[in-house]
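Okay, structure first, notes after.
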Amino acid sequence: MIVTNQYNEIARMQLYINEQGIQQELDVNQKSVNWIDLPESKSETYEFKYKYYDKHGELIEDH
């Protein structure tokens, strides 16, 4: 679940779950809740990596 508030500066998030990429658009400066279904995992473990971008497409954070 992705929760944002009125102070949110993130316009787009790229999420990688066990190397599978998912892109999620977010409303800047808006309260919202978004649900992302996790892909199936044979080992029942998950590895997450993500990148956040601002409304101009500039990278904010990379984990």
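The table below gives the values:
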read-out	value
Tail weight of P(r) past 19 Å, computed on alpha-carbon pairs of the chain, percent	34 percent
Highest-MSF residue in the chain out of 38, 26, 15 [GNM, Cα springs under 10 Å]	38
Sequence-separation-based contact order of the chain, relative, with Cα cut under 8 Å and 6+ spacing, percent	39 percent
In range of the label at residue 51: residues from the stretch 10-40 whose backbone nitrogen is under 17 Å from the point 7 Å along Cα→Cβ	10-26
Neighbour count of at most 11 Cβ within 10 Å plus DSSP loop: longest chymotrypsin sites (Phe, Trp or Tyr not before Pro)-free window in the chain	8-34
Charge tally in the Cβ shell below 9 Å around residue 16, where Lys, Arg are +1 and Asp, Glu are -1, residue 16 excluded	0
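Just so you know, all these numbers are worked out from the coordinates, no wet-lab data involved. Everything numeric here is computed off the predicted structure, so don't read it as measured data. Neighbour counts run over all protein chains shown; Cβ positions are idealised from the backbone, glycine included.
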